[in-house]
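Visitor: Please see the structure below; I have some questions.
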Amino acid sequence: MLRSLWIAFSTLAVANLLALLGFAVWLNATDRLNPDRLQKIRAILATTIADEHAHMIQAAAEQERAAAAEAEAAKIGKPPLTAEQRLDGESAKEEIEAQNSRRVQRETTDLINTLVRERAELDRQRAQFQAQVDAFAAMRARIAEEEGSEQFQKAVQVYQSVKPAEAKNMMSALIASDQIDQVVSYLDALSPRVSSKIITEFEREDPALASDLIERLRSRGTAVASPSPSPAQPIATAPPKEP
């Protein structure tokens with residue numbers, strides 16, 4: 001029981017690690033992440049919103065004190081201000097303080113909105129990647145169930161027994177009816193010697209199709225498939241069979 005739990009826990013941990021690594025590779029491959037952006041994200045998340053707000057307010061206050069000091073120094077040697085001038089100066093100071101307060105509030109709001117958008121995008125990309133992983137697992141389960149059926153094994157025996165040219169013609173009919181996935185499953189289940197002869201027959205008439213079949217066999221089971229793969233995309237992979 002403990003061994004089973006440990007295996008399940010280890011499998012889940014490895015799957016999560018692979019998912020995170022795959023997500024990071026995807027971000028880098030799609031030009032959404034580079035060292036500069038990573039450094040900016042770290043710098044943003046290293047400081048809390050409250051600390052950043054306080055820093056902005058402190059910087060604004062220091063700027064105001066410097067401006068006040070310059071104004072005070074400029075007033076030395078000048079005649080005293082009248083009451084009207086003092087009121088005008090106080091009004092101007094209050095307006096500056098109000099403008100600075102609005103600016104800090106606006107910048108803080110913009111930063112919060114940016115973080116919210118980036119988090120939503122990360123969640124969307126994570127959900128999309130998980131959907132691809134789930135689709136791939138479902139596809140592998142379907143293939144395993146199909147290849148283990150009695151009818152599938154009977155079909156493999158037929159392809160194994162007929163001449164390569166006949167097998168190629170039968171498979172061409174399946175491809176024409178949009179069943180190339182089924183053809184790849186048959187080729188994968190056949191012995192390497194027989195499947196190579198059949199592919200050679202394909203290559204004589206359609207080298208591009210033969211190359212596509214070889215690529216599908218090579219990548220079978222090693223790539224995460226999209227939820228709705230197109231006929232021209234690799235659909236599944238499995239390790240090559242030993243002769």
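The values are calculated or read from the model by the stated rules, or taken from the named source; none is laboratory data. All figures in this text were calculated on a predicted structure; none of them were measured in a lab. Positions of Cβ are backbone-derived with ideal geometry, glycine not excepted, and every protein chain shown enters the neighbour counts.
Visitor: So Met56 passes all but one of these: (1) surrounded by 12 or more Cβ atoms within 10 Å (Cβ to Cβ); (2) closer than 27 Å to Gln99 by Cβ; (3) within 34 Å of the chain's Cα centre (by Cα). Which condition number does it fail?
Guide: (3)
Visitor: Here's something else I'd like to know. Could you count how many residues in the stretch 21-37 are aliphatic (A, V, I, L, M) and surrounded by 12 or more Cβ atoms within 10 Å (Cβ to Cβ)?
Guide: 3
Visitor: If you go through the stretch 154-179 one residue at a time, how many are out of contact with any Asp or Glu (no Cβ under 8 Å at 6 or more places or on another chain) and either assigned to a helix (DSSP H, G or I) or buried (at least 16 other Cβ atoms within 10 Å of the Cβ) (or both)?
Guide: Total satisfying the criteria: 17.
Visitor: Being over 46 Å from the mean Cα position of the chain (by Cα) and either farther than 18 Å from Glu62 by Cα or modelled with pLDDT of 85 or more (or both): is that true of Ile76 here?
Guide: Yes: the conditions hold for Ile76.
Residue-by-condition table, conditions (1) hydroxyl-bearing (Ser, Thr, Tyr); (2) at pLDDT below 80; (3) loosely packed, with under 13 Cβ neighbours inside 10 Å:
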position	(1), (2), (3)
Val104	no, no, no
Asn113	no, no, yes
Arg117	no, no, yes
Glu121	no, no, yes
Arg124	no, no, yes
Ala127	no, no, yes
Gln132	no, no, no
Phe136	no, yes, no
